[in-house]
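The values are calculated or read from the model by the stated rules, or taken from the named source; none is laboratory data. Since the model is a prediction, treat every value here as computed from it, not as a measurement. Virtual Cβ from ideal backbone geometry, glycine too; neighbours counted across all protein chains shown.
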Amino acid sequence: MLSEATLKNIDREVAKYPADQKQSAVMAALHFAQAEKGWLSRDLIGYVAQYLGMPEMAAYEVATFYNMYDLKPVGKYKITVCTNLPCALSGGVHAADYVKQKLGIDFNETTPDGKFTLKEGECMGACGDAPVMLVNNVHMRSFMTPEEIDKLIAECK
Amino acid sequence: MAILEAINPALTAGWHQPDAWHMDRDSGWRLKDYEARGGYQALKKVFTDKLSQDQVIAEVKASVLRGRGGAGFPTGLKWSFMPKGAPEKYIVCNTDEGEPGTFKDRDLMRLDPHAVIEGMIIAAFAVGAVRGYNYIHGEIYELYQRFEEALAEARAAGYLGNNILGSGFDFDLFAHQGYGAYICGEESALLESIEGKKGQPRFKPPFPAQVGLYGKPTTINNTETFASIPYILRQGGQAFLDLGKANNGGTKLFSVSGHVNKPGNYEVPMGTPFAKLLEMCGGMRGGRKLKAVIPGGSSAPVLPGHIMMDCTLDYDSIAKAGSMLGSGAVIVMDETVCMVKSLERLSWFYYEESCGQCTPCREGTGWLYKLIHRIEHGQGRPEDLDLLDDVAKKIMGRTICALGDAAALPVISFVKHFRSEFEYHIEHKQCLVPPDVQKAGSTFHTRLMAGATC
Ligand SMILES: Cc1cc2nc3c(=O)[nH]c(=O)nc-3n(C[C@H](O)[C@H](O)[C@H](O)COP(=O)(O)O)c2cc1C
Ligand code: SF4
Ligand code: FES
């Protein structure tokens, strides 16, 4: 169900923990599974649970508890904008509005061509760089003025 | 431009000054750079001077370093709680920086990951831990990868692994990735999370020093706490204490966000006047008037600007003024801000992030948000302010972890200090701060809160 490369990544995580604590790798394993497949289906979560020798329900609890897991399909590029107060004081909400207007979608929506999904995020620990956005959970972008947002969207091919 | 300035730098000395957030342009974080500025000398000193575990702990106690994660608990004392002799003990670093306003650990991880590693190795030696984990906020995945690179460098150089620097001491360290849950910053939730579970806080006692990760004795400290350790061992605890003031040792990173000209991280001695910090930040944006400051991250009570202007930046002064130094996240707000709308956003955050275990927190945070939302949207009732206070006080002290208090304290303090704004909203169904003034401040004015009064 998962590629060799992904399984290798998961094995590397498992090795960080005591031999009887494979479950500790579940967060990273779900991250890699999501990165390969785009989102976490019930089957995929079950597969990861089995791979780590833990109950499927326990893996499902983890997948539903943490905000960055996607339990439904998302666009090719998921953009998360921080709108918490410190960012809002420096234009975080404006930045989100600009993206909405540009893509024609609201938070938690995906463009009809399946390219972009927009999410509202909480503090990313980068408030000094506001407005900040996170692309596909891994790339953080700082100082997102309208020009920078234009650039980001143009880069997303 | 990301700003990093310092007076008496203990943490940031020799840091490469970043000119913008570009990972590929950052330099100076690698092992060779860290060693060139005296890195790993403290660890070597521990071994060549043959310091005992107790001597290391005594040095940290002498420094009066207090935990930089928010609670300000004395670090040396915390280490001394670890039982002697237990075979399997852990050291855990809390880099789950999610407290709104706080962004210091990110710069530490970005520009000085080896200082965190060295601090953790020394801590591991002092408490007798064999293994450590650094729990890293999910949103900074690029820095998680960088930390793994730094770990590989340290391992290759013999600072990690078996028989470190020929001392006979074994210790290894790993990175663990978070995935978007504020509550995992709470130490016992963080331990649950490393165990591969939902991040729900545990009852305390027992404290982690007795029953921690995998049920074993564990010491958990904040990233900045660990990063302060090498200086203390190299220069001595007294030297660190002398940087700050009595009962408030050392320098500290302050993350300044909001309406200042130069938001960023500033390292200043404990006891520095807030007015001085504001000056370093280039003053208020647009020369506007200071209205309010949240001095220690969003969970700390807000203070009116004029009260804050009389405070110095240390645990004692800010506590005396009725707030908390917390994580050192200074959120600055000018006269264009609507306090009701600001509180509404914070309340939403706590409502969203409550883990749901305790009824007063799970239900109470929802109540708080709903009440503030309705006041903000012109549907508030005169009795709502007393109700807000009542709900907030019913959460306080009745929950498993401190998130309950963290949700309640902003509400109580916003209403206490800015009551007239809340009353105006209720009475006039609009905001006391005119919309054009708010617009000038670049805050929420286009917020998609349909029906909002401003
Ligand atoms: C809701 C909540 C969130 C917290 N978030 C963090 C955090 O992001 N980083 C941190 O170091 N401590 C955080 N703490 C404090 C930790 O529980 C713990 O006190 C701290 O990591 C201990 O390290 P220190 O003694 O070095 O400060 C949080 C506490 C609570 C109740
Ligand atoms: S206080 Fe809130 S966040 Fe903390 S354990 Fe209780 S429900 Fe969870
Ligand atoms: S509030 Fe947006 S990154 Fe902290």
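For segment B:115-139, which residues satisfy the criterion of being β-branched (Val, Ile, Thr), within 18 Å of the chain's Cα centre (by Cα) and within 11 Å of chain A (Cβ to nearest Cβ)? Show your work before the answer.
Looking only at segment B:115-139, we keep the residues that are β-branched (Val, Ile, Thr), and these are B:116-117, B:121-122, B:127, B:130, B:136.
If we keep only those that are within 18 Å of the chain's Cα centre (by Cα) too, we end up with B:116, B:136.
Once the filter is applied, which keeps residues that are β-branched (Val, Ile, Thr), within 18 Å of the chain's Cα centre (by Cα) and within 11 Å of chain A (Cβ to nearest Cβ), segment B:115-139 yields only B:Ile136.
Looking only at residues of segment B:1-49 that are modelled with pLDDT of 90 or more, part of a loop (DSSP other than H, G, I, E, B) and hydrophobic (A, V, I, L, M, F, W, C), we find that the one that is nearest to the chain's Cα centre (by Cα) is B:Leu11.
The number of residues in segment B:312-342 being free of Cβ contacts under 8 Å to residues at least 40 places away in the same chain and not in a loop (DSSP other than H, G, I, E, B) comes to 3.
Applying the condition of being away from every other protein chain (no Cβ under 13 Å) and in a loop (DSSP other than H, G, I, E, B) to segment B:148-163 and asking which residue is surrounded by the most Cβ atoms within 10 Å (Cβ to Cβ) yields B:Tyr159.
Screening B:Gly166 on (1) more than 10 Å from chain A (Cβ to nearest Cβ); (2) crowded, with 20+ Cβ neighbours inside 10 Å shows it passes everything except condition (2).
Only one entry in A:Ala19, A:Ala63, A:Ala88 is within 16 Å of the chain's Cα centre (by Cα) and within 13 Å of chain B (Cβ to nearest Cβ), namely A:Ala63.
Looking at B:Gly180, is it modelled with pLDDT under 95 and within 16 Å of ligand 3 (Cβ to nearest atom)? Against the criterion (modelled with pLDDT under 95 and within 16 Å of ligand 3 (Cβ to nearest atom)), B:Gly180 qualifies.
Can you tell me which of B:Glu99, B:Glu88 is more than 7 Å from ligand 1 (Cβ to nearest atom), touching a Phe, Trp or Tyr at 6+ places or on another chain (Cβ under 9 Å) and assigned to a loop (DSSP other than H, G, I, E, B)? Criteria check complete, one pass: B:Glu88.
Please indicate, with yes or no, whether at least one residue in segment B:299-310 is crowded, with 24+ Cβ neighbours inside 10 Å, on the phi < 0 side of the Ramachandran plot and within 12 Å of chain A (Cβ to nearest Cβ). Yes.
For (1) within 24 Å of B:Gly69 (Cβ to Cβ); (2) in contact with a Gly (Cβ under 9 Å, 6 or more places away or on another chain); (3) among the hydrophobic types (A, V, I, L, M, F, W, C); (4) buried (at least 24 other Cβ atoms within 10 Å of the Cβ), each residue gets a yes or a no:
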| residue | (1), (2), (3), (4) |
| --- | --- |
| B:Leu325 | yes, yes, yes, yes |
| B:Trp348 | yes, no, yes, no |
| B:Gly356 | yes, no, no, no |
| B:Tyr369 | no, no, no, no |
| B:His373 | no, no, no, no |
| B:Asp389 | no, no, no, no |
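Determine, yes or no, whether A:Met140 is touching a residue at least 12 places away in the same chain (Cβ under 8 Å), part of a strand (DSSP E or B), of a type outside the set (Ser, Thr, Tyr) and facing chain B (nearest Cβ under 10 Å).
On the way: touching a residue at least 12 places away in the same chain (Cβ under 8 Å): yes; part of a strand (DSSP E or B): yes; of a type outside the set (Ser, Thr, Tyr): yes; facing chain B (nearest Cβ under 10 Å): yes.
Yes; evaluated as a whole, the condition is true for this residue.
All of (1) within 16 Å of ligand 2 (Cβ to nearest atom); (2) touching a residue at least 40 places away in the same chain (Cβ under 8 Å) hold for A:Cys82 with one exception: (1).
Restricting attention to segment B:115-153, the residues that are aliphatic (A, V, I, L, M), closer than 29 Å to A:His139 by Cβ and touching a Pro at 6+ places or on another chain (Cβ under 9 Å) add up to 4. Residues being surrounded by fewer than 21 Cβ atoms within 10 Å (Cβ to Cβ), farther than 19 Å from B:Glu139 by Cβ and in contact (Cβ under 8 Å) with a residue 12 or more places away in the chain: count how many of those fall in segment A:13-36. Qualifying residue count, segment A:13-36: 3. Cβ separations smaller than 7 Å between residues 6+ apart or across chains give the following pairs from segment A:89-100 residues that are in the same structural domain as A:Cys123 (by TED's automatic domain parsing) and within 16 Å of B:Arg285 (Cβ to Cβ) to residues that are hydrophobic (A, V, I, L, M, F, W, C) and within 16 Å of ligand 1 (Cβ to nearest atom): A:Gly92/A:Cys82.
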